[in-house]
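Engineer: Below are the structure tokens for one structure; questions will follow.
The values are calculated or read from the model by the stated rules, or taken from the named source; none is laboratory data. As the structure is a prediction and not an experimental result, all values here were calculated from the model. Please note: Cβ atoms are built from the backbone with ideal geometry, for glycine as well, and neighbour counts cover all protein chains shown.
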Amino acid sequence: MRLVLIASGRGTDAESIMDAYRQGVLPNIDLRFLISTKTGAECLFKAEALNIPTQVLDYKCYGKEVFEFRVIKSIESAEIQLVFLVGCIVKIPIISGIRMYNIHPAEPKKFGGKGMYGLAVHQKVLEDIFDQIKRGKKSINDRFFTNLTVHEVGVIYDEGQILLQTSVEIPPTLIQQYLLAKSSDESAQQQVYAQMQEFVLPFEHAMLPAAVNLAALQILNLTKIESEL
């Protein structure tokens, strides 16, 4: 499967896939290149360090239509079959005949939608926990989870078919910190959101190579069955 990654920032999610590819644990994958939607993003340097070719399609340098045209042209000209959005904060157009997946750090239907990326997702998860405790539906001693999800990219944000999902338990100490921060200032709350993000990231990094393998196997098996009919 000819794969391309699209990222916008630090590229740690992309790095987990690129590193797995270089180690030979993605046997059905031909990783062609990484597209960065931001000039000078760290994902570019991570790709170059692993000898993965890169392209820069900076969405700020183009209008929406030109940006989407360039993305589609780049992917179609390389005959890509599989696309993973890994820390991509820009809406990427659906491309007919190409499977496209996105990673989301929480339940997409509850904590997804336009603008729900980065710290905003973790903020909503923690606010939901706070609300449950406040209304007496849960207590501080209960266990709380966030559902990391890899799903297909659809026309509507975060509403595509789920490929892989896992529940990650949130440390009680982090929830306690958030409850204390609620009575403090906004900066204290932002620090907790950032801590939540850093806690979740290693689970994303473990999950993504498995998701790439699953996606490739699904495509290969469907193609095989269709050719036999």
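Engineer: Could you list, ordered by first residue, the pairs with Cβ atoms under 7 Å in which the first is in segment 46-61 and on the phi < 0 side of the Ramachandran plot and free of Cβ contacts under 8 Å to residues at least 60 places away in the same chain and the second is part of a strand (DSSP E or B) and aliphatic (A, V, I, L, M), at least 6 apart or interchain?
Structural biologist: Hits for this filter: Ala47/Leu34; Ile52/Leu31; Ile52/Leu34; Thr54/Leu34; Gln55/Ile35; Leu57/Ile35.
Engineer: Right, another one. Would segment 23-44 turn up any residue that is more than 30 Å from Glu169 (Cα to Cα), at pLDDT 95 or above, among the aromatic types (Phe, Trp, Tyr) and surrounded by fewer than 16 Cβ atoms within 10 Å (Cβ to Cβ)?
Structural biologist: Checked against the condition, which is being more than 30 Å from Glu169 (Cα to Cα), at pLDDT 95 or above, among the aromatic types (Phe, Trp, Tyr) and surrounded by fewer than 16 Cβ atoms within 10 Å (Cβ to Cβ), segment 23-44 yields no hits at all.
Engineer: Here is a list of conditions, (1) in a loop (DSSP other than H, G, I, E, B); (2) in contact with a Ser or Thr (Cβ under 6 Å, 6 or more places away or on another chain); (3) touching a residue at least 40 places away in the same chain (Cβ under 8 Å); (4) not polar (S, T, N, Q), and Leu26 meets all of them except one; can you say which number that is?
Structural biologist: Checking Leu26 against (1) in a loop (DSSP other than H, G, I, E, B); (2) in contact with a Ser or Thr (Cβ under 6 Å, 6 or more places away or on another chain); (3) touching a residue at least 40 places away in the same chain (Cβ under 8 Å); (4) not polar (S, T, N, Q), the one that fails is (2).
Conditions tested, residue by residue: (1) out of contact with any strand residue (DSSP E or B) (no Cβ under 8 Å at 6 or more places or on another chain); (2) touching a residue at least 60 places away in the same chain (Cβ under 8 Å); (3) in a strand (DSSP E or B).
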site	(1), (2), (3)
Leu3	no, yes, yes
Phe33	no, no, yes
Leu44	no, no, no
Glu68	yes, no, no
Glu79	no, yes, no
Val83	no, yes, yes
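Engineer: Count, please, the residues in segment 96-118 that happen to be farther than 21 Å from Lys38 by Cα and in a loop (DSSP other than H, G, I, E, B).
Structural biologist: Quick first cut of segment 96-118, residues farther than 21 Å from Lys38 by Cα only: 96-99, 105-113.
Filter again for in a loop (DSSP other than H, G, I, E, B), leaving 96-98, 105-107, 112-113.
Qualifying residue count, segment 96-118: 8.
Engineer: If I go through segment 83-113 residue by residue, how many of them are among the small types (Gly, Ala, Ser), farther than 12 Å from Thr146 by Cβ and in contact with a His (Cβ under 8 Å, 6 or more places away or on another chain)? Working first, answer last.
Structural biologist: So the first thing to find is which residues in segment 83-113 are among the small types (Gly, Ala, Ser), and the list is 87, 96-97, 106, 112-113.
From what is left, the residues that are farther than 12 Å from Thr146 by Cβ are 87, 96-97, 112-113.
Next, only the ones that are in contact with a His (Cβ under 8 Å, 6 or more places away or on another chain) stay: 112.
Total satisfying the criteria: 1.
Engineer: On to the next question. If you check every pair at least six apart or on different chains, which have Cβ atoms under 8 Å apart with a residue in segment 162-186 that is part of a helix (DSSP H, G or I) first and a residue that is of a type in the set (Gly, Ala, Ser) and surrounded by fewer than 18 Cβ atoms within 10 Å (Cβ to Cβ) second?
Structural biologist: Listed pairs, sorted by first residue: Leu180/Ala188; Ala181/Ala188.
Engineer: Moving to a separate point now. Would you check which residues across segment 176-229 are of a type in the set (Gly, Ala, Ser) and touching a Leu at 6+ places or on another chain (Cβ under 7 Å) and list them?
Structural biologist: We begin by selecting, within segment 176-229, every residue of a type in the set (Gly, Ala, Ser); these are 181, 183-184, 187-188, 194, 206, 210-211, 215-216, 227.
Selection gives Ala194, Ala210, Ala211, Ala215, Ala216.
Engineer: Just name the residue that is surrounded by the most Cβ atoms within 10 Å (Cβ to Cβ) out of those in segment 116-170 that are under 12 Å from the mean Cα position of the chain (by Cα) and under 22 Å from Ala188 (Cα atoms).
Structural biologist: My answer is Val121.
Engineer: Are any of the residues in segment 45-52 under 20 Å from the mean Cα position of the chain (by Cα) and closer than 22 Å to Ile94 by Cβ?
Structural biologist: Scanning segment 45-52 turns up no residue that is under 20 Å from the mean Cα position of the chain (by Cα) and closer than 22 Å to Ile94 by Cβ.
Engineer: I'd like the residue in segment 5-15 that is touching a helix residue (DSSP H, G or I) at 6+ places or on another chain (Cβ under 6 Å) and surrounded by 21 or more Cβ atoms within 10 Å (Cβ to Cβ) and, out of all such residues, is nearest to Lys91 (Cα to Cα).
Structural biologist: Ala7
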